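Here's the structure, in structure tokens; my notes come after.
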Amino acid sequence: MNIPSTLKYTESNEWINLEGKIGTIGISDYAQDQLSDIVFAEVIVNEGDVVKKGDSIATIESVKAAADVYTPVSGKIISVNEELGRAPEVINTDPYGAAWIIKIEMSNPGETGSIMDAASYEKFVQEQK
Amino acid sequence: MFIPHTDADRAAMLHAVGIEKLDDLFIDVPAKYRFPTLNLPPALSEMEVSRELQDISLANESVHDLVCFLGAGVYNHYIPAAVDAIIRRGEFLTAYTPYQPELAQGTLQAIFEYQSNLAALTGMEVCNASHYDGATAVAEAVNMAYANFRGKRSKIILSPAVHPQYRQTVRTYTEGSPVVLVGDDPQGDVNADPDILIPLIDIDTALVVVQYPDFFGRIYDYTKIAIAAHAVGALLAVSVNPIALGLLKSPGYMNADIVTGEGQPLGIPLSYGGPYLGLFATRKEYVRKMAGRLTGETVDNRGQKAYVLTLTAREQHIRREKATSNICTNQGLMALASTVYMSLLGKNGLRQVAELCFHKAHYAAQAITNLQGYSIWSSTPFFNEFVIQTPIPVSEINDLLLDHDILGGYDLSQDYHALSRHMLMAVTEMNTRQEIDQLVVVLSEVSNG
Amino acid sequence: MGEPQLCDISVSGRQGITFPRPDVPLASFPEGFLREDLPMPELSELDVIRHYTRLSQQNYSIDTGYYPLGSCTMKYNPKINEETARYPGFAFTHPLQPIETVQGNLALMFTLQEWLKEIGGFAGMTLQPAAGAHGELTGVLIIHAYHRSRADTKRDKILIPDSAHGTNPATSAMSGSRVVEIKSDSRGNVDLDALRQECDDTLAGLMLTNPNTLGLFDEHVEEVIRLVHAAGGLVYGDGANLNALLGIIRPGDVGFDVMHFNLHKTFSTPHGGGGPGSGPVGVAAHLVDFLPAPVVGIIEEGDQEMPPLYGFIAPSKSIGRMKSFHGHFGTLVRAYTYISMHGGPGLREIAEHAVLNANYLLALIKGSYHLPYERLCMHEFVVEGQWPDAPEIHALDISKRLMDYKFHPPTNYFPLIVHEALMVEPTESESKETMDAFAEALIKIADEAHHDPVLLKEAPHITPVGRLDEVKAAKELVLCCGVATLDK
């Protein structure tokens, strides 16, 4: 189970990469593994949308499951990954790279304090099994 | 009865379970309420039940006993013998929902072909495996449209010429929700052209719903409404009578986004209200927003073409509270009946039935117009149903018709207070010229005193 | 090899059914409304019969084999039902006929309402809902209408146990409720502490399946109902598992306020490859006025000479109409036939043998499969389809291998609270021999899983098709035969 140490993670299995005020969000390797072969992904927010922590930003479907992706932070969407709609399987093959979902300009960087680091997330994943 | 166990079976099984008597199986059931005596009639044998049900059925008069001119959503059409022969086969009748596709290719391919036939008939790109009926199909279209805009648009425009029971169902489904239903105000002018709905369309509109032919039998081209809806990003849903589509341009041609309808006319008996068949079709771009089962073509691990339920992640058993709908059991056997019917008739047979309905209805309408005291309510073209204005209340006319073993049309005063003496008359391929002539004779008895 | 599609068999110019020429003068068609083409297949009647007969032969069905599907109640569908439903007096009546012409139908519906009320312990009944999920929606709408009528507008929360069928939360969401999941305790009951915490003044109701999807009768069912009622909520019963309770207990007696019945489960009406079903809903006295309209009632009382006049009644605070007309009448006739053939003691025998069969089967296989809850089961049970010492084998593999033993698999992956769940419901229709053969197959497969797992991994081998590529089906959507994409 790949859990890069440079990222932070939520209990709903999103990862966030923090660079100053900009966060990049996707779903973790554990999440894609749980879903198995992903057949569909749709980002449901647009560039310029203002979202709150916990809002749904994307839906992902495999043949046996469907999942909503939630933003762990509030802010303004500055970029949306158009590739996901065309090639959803990239979430399985490259969850931390090409399968980023949105980039967000955070309005409240303090929210990141409650998000797990890699070590805590690893423990969390172990507990799920 | 149907339980195979002998005393010896029971004894061996109780022993294996480690209990003494059947009652011991129910120790978890609170003693206070356990083993109630059910006040039901004593059990009948098959021979006796067959007799009893026959007697009950004979306390009815059916459309075999009465000449039927009643429609209003479901119609007396001919059902070919081959339809029942197929749906009575135990392999179809007693099969479960095809969740294990390796054991259900018969059901799955039949659904796939049903989807294909309906898509062709309605002029749409995808079609689901059925909803309950025409009414709930409209309600699901409303849900789908509302969900499509993620709650940002809450206005649904309902034409008053959509079947009253369909609109009632939509109201039940949307009670307490943010959805606002407009367009079918009981004080409105029900004879008006459907284009009067156009000024109601705005950017808060999620969906416009019309019917084709409409509840009064009239045919309209809804292309202008489609244009108006699409101009503001709203959707258009058209509820159809599928038999009409054997002859008439499809809603797909008019650029509808969703087509719903009642599939009963396609080889399904009247059966006093059901089970019927909810039709639901849409454009490819909305396929994920559509509720209900979908069968898709794929291959198996031996390289063979095969069929499987697909996009199941939308459905309740996976999505649970986020599902597009709660629908689970649908109308599978009725969908099979309809696809057998459509296969038997084919493009030419469907056209023939539609033409017979059309010509016979127009013959009847022409004859009735010539009667003193009667008139045809609308000059708009119609398919096989039309509204006549009557000299005395419809209920009295229907009593008279019944005396002559004729089932008269639907009394519109029940649903439209402006239509106090208006009857909705339906004619199908089952009505002979003699029957129509006899209808006209009896109707004339009224105006002649 | 597979059966060709209709569009492949189609030959231009063929027609199965023809109709007489019009016996009336031809009217002119409306300008601009005729469709140019109808791209439908063209087949002879023999083509159609052969095509569908061959398709049917690829299906598994109750008539050909045993379905141990938990929560589906795949009991025998009596052929007499197919006869009675087709009596012309039933099959050829129009739903809008004057009531005087259909007193037989109305009497049957009225009587069935009374029988279901008696079986369930309810004061009111609607036969209108088209299926179980439709009945659930009806019930939840009734609950909300009840609270609204008492100006109790804070109540938007519906509690649903984690073992519940997916339709329960889907229904609640459809009705605009807030869904809160309640966990089960270690014995498979609703966790009372978790329930107590949610019993507040926002509680609209609890949806409870009893026995639950683990096949277990809730050992605290009276307390569960009491807690919900004390907080001002109502209890909805999902009647999918009623087969275990016929003549054993009446849910209405123990406090359920509203419950749906599944005629296509408990009352033997056929599943039809995915319906039609029928989901009548029973209610306690305080909810009778909210039933969907119309309900069948007595319009004029009868006397010694005359039977009563039956007709339709709209309850005074009705939630409205749930669908067109008044229910799946054809399905109601079948259920009526079935109940007539059983009577009270006969129904109780159904429950006794359904529960006996389940416990017997469990006794045979529990040495080979892990049973998460050590209790007497009701009409179904759940075991785990996995072994710690055979980690590559999942419930799916066991299911597919069962097909090679000519059995339909049990329900997979449900309820969600058991890992690799296999939910087994024999029903009372199955004989001891069938139970023995099924147990033997399961035990053999358990052995294969440990010693020859490839047999499971590559199963099924003897079915017309092997495992299907569901990913391809979802990604490359082919939902219609080629011909359907032609002109409109």
Is there a residue being open to solvent by less than 10 Å² (accessible area, probe 1.4 Å) and not small (Gly, Ala, Ser) anywhere in the stretch C:55-63?
yes
Select, from C:Ala449, C:Ala421, C:Ala474, the only residue that is touching a Ser or Thr at 6+ places or on another chain (Cβ under 6 Å) and either away from every other protein chain (no Cβ under 11 Å) or small (Gly, Ala, Ser) (or both).
C:Ala474
If you go through B:Ser420, B:Ser378, B:Ser413, B:Ser343, the only one that is of a type in the set (Gly, Ala, Ser), farther than 30 Å from C:Gly330 by Cα, in contact with a Pro (Cβ under 8 Å, 6 or more places away or on another chain) and touching a residue at least 12 places away in the same chain (Cβ under 8 Å) is B:Ser420
Of all residues making up the stretch B:216-248, the number that are more than 22 Å from B:Gly73 (Cβ to Cβ) and in contact with a Cys (Cβ under 8 Å, 6 or more places away or on another chain)
0
B:Gln316, sole failed condition from (1) free of Cβ contacts under 8 Å to residues at least 60 places away in the same chain; (2) over 27 Å from B:Leu235 (Cα atoms); (3) open to solvent by less than 10 Å² (accessible area, probe 1.4 Å)
(2)
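Let's see how each residue does on (1) open to solvent by less than 50 Å² (accessible area, probe 1.4 Å); (2) touching a Lys or Arg at 6+ places or on another chain (Cβ under 7 Å):
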site	(1), (2)
B:Asn370	no, no
B:Tyr374	yes, no
B:Ser378	yes, yes
B:Ser395	no, no
B:Leu400	yes, no
B:Leu407	yes, no
B:Leu412	yes, no
B:Ser420	no, no
B:Glu435	no, no
Which members of the stretch C:1-50 meet the condition of being of a type in the set (D, E, K, R), within 7 Å of chain B (Cβ to nearest Cβ) and assigned to a helix (DSSP H, G or I)?
C:Glu45
Is one or more of the residues making up the stretch C:270-279 more than 9 Å from chain B (Cβ to nearest Cβ) and either open to solvent by less than 10 Å² (accessible area, probe 1.4 Å) or within 20 Å of C:Gly327 (Cβ to Cβ) (or both)?
no
Which of the helices (runs of 4 or more DSSP H) found entirely inside the stretch C:371-469 contain at least 3 residues meeting this: among the charged types (D, E, K, R) and open to solvent by 40 Å² or more (accessible area, probe 1.4 Å)?
C:432-451
Here's a check for you: in the stretch C:64-108, which residue that is at pLDDT below 95 and more than 7 Å from chain B (Cβ to nearest Cβ) is surrounded by the fewest Cβ atoms within 10 Å (Cβ to Cβ)?
C:Ser71
Considering only residues that are open to solvent by 40 Å² or more (accessible area, probe 1.4 Å) and facing chain C (nearest Cβ under 8 Å), which ones fall in the stretch B:13-27?
B:Ala16, B:Gly18, B:Ile27
Whether any residue in the stretch B:303-313 is within 7 Å of chain C (Cβ to nearest Cβ), in a strand (DSSP E or B) and open to solvent by less than 20 Å² (accessible area, probe 1.4 Å) is what I want to check.
yes
Suppose we filter C:Ala231, C:Ala314 for residues that are under 20 Å from C:Val140 (Cα atoms), in contact with a Cys (Cβ under 8 Å, 6 or more places away or on another chain) and open to solvent by 10 Å² or more (accessible area, probe 1.4 Å); which single one remains?
C:Ala231
Kindly list the number of the only condition in (1) within 14 Å of chain C (Cβ to nearest Cβ); (2) of a type outside the set (S, T, N, Q); (3) more than 25 Å from A:Ala118 (Cβ to Cβ) that fails for A:Val80.
(1)
Quick one: how many residues across the stretch B:60-104 are closer than 28 Å to C:Glu470 by Cα, within 7 Å of chain C (Cβ to nearest Cβ) and either part of a loop (DSSP other than H, G, I, E, B) or not charged (D, E, K, R) (or both)?
12
Verdict on C:Arg155 being open to solvent by 20 Å² or more (accessible area, probe 1.4 Å) and within 9 Å of chain B (Cβ to nearest Cβ)
no
Here's a check for you: in the stretch C:200-224, which residue that is closer than 18 Å to C:Val179 by Cα and among the aliphatic types (A, V, I, L, M) is surrounded by the fewest Cβ atoms within 10 Å (Cβ to Cβ)?
C:Leu203
May I ask you to say which residue of B:Ala364, B:Ala306 is closer than 30 Å to C:Arg14 by Cα and modelled with pLDDT of 95 or more?
B:Ala306
Between C:Ala441, C:Ala358, which is of a type in the set (A, V, I, L, M), without any contact (Cβ under 8 Å) to a residue 40 or more places away in the chain and out of contact with any Ser or Thr (no Cβ under 6 Å at 6 or more places or on another chain)?
C:Ala441
Positions within the stretch B:274-327 being within 20 Å of A:Asp37 (Cα to Cα) and of a type in the set (Val, Ile, Thr), in sequence order:
B:Val287, B:Thr295, B:Thr298, B:Val299, B:Val308, B:Thr310, B:Thr312, B:Ile318
Of the conditions (1) assigned to a helix (DSSP H, G or I); (2) away from every other protein chain (no Cβ under 12 Å); (3) open to solvent by less than 10 Å² (accessible area, probe 1.4 Å), the single one that B:Leu279 does not satisfy is (1)
Evaluate the stretch C:167-177: report whether one residue or more is part of a helix (DSSP H, G or I) and either open to solvent by 50 Å² or more (accessible area, probe 1.4 Å) or more than 10 Å from every other protein chain (Cβ to nearest Cβ) (or both).
no
Which residues, taken from the stretch B:403-434, are assigned to a helix (DSSP H, G or I) and within 27 Å of the chain's Cα centre (by Cα)?
B:Leu412, B:Ser413, B:Gln414
Kindly provide the set of residues from the stretch B:380-389 that are open to solvent by 10 Å² or more (accessible area, probe 1.4 Å) and either outside any strand (DSSP E or B) or aromatic (Phe, Trp, Tyr) (or both), ordered by number.
B:Thr380, B:Pro381, B:Phe382
Among the listed residues B:Ala85, B:Ala95, B:Ala141, B:Ala72, identify the single one that is out of contact with any helix residue (DSSP H, G or I) (no Cβ under 6 Å at 6 or more places or on another chain), of a type in the set (A, V, I, L, M, F, W, C) and farther than 19 Å from B:Glu262 by Cα.
B:Ala85
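The values are calculated or read from the model by the stated rules, or taken from the named source; none is laboratory data. Quick caveat, the model's predicted, so the values are computed rather than measured. Quick reminder, even Gly has a Cβ in these numbers, built from the backbone with ideal geometry, and neighbours come from all protein chains shown. Please note that ligands, DNA and RNA were not included when accessible areas were found on the heavy atoms of the full protein model with its side chains. Shrake-Rupley method; radii C 1.70, N 1.55, O 1.52, S 1.80 Å.
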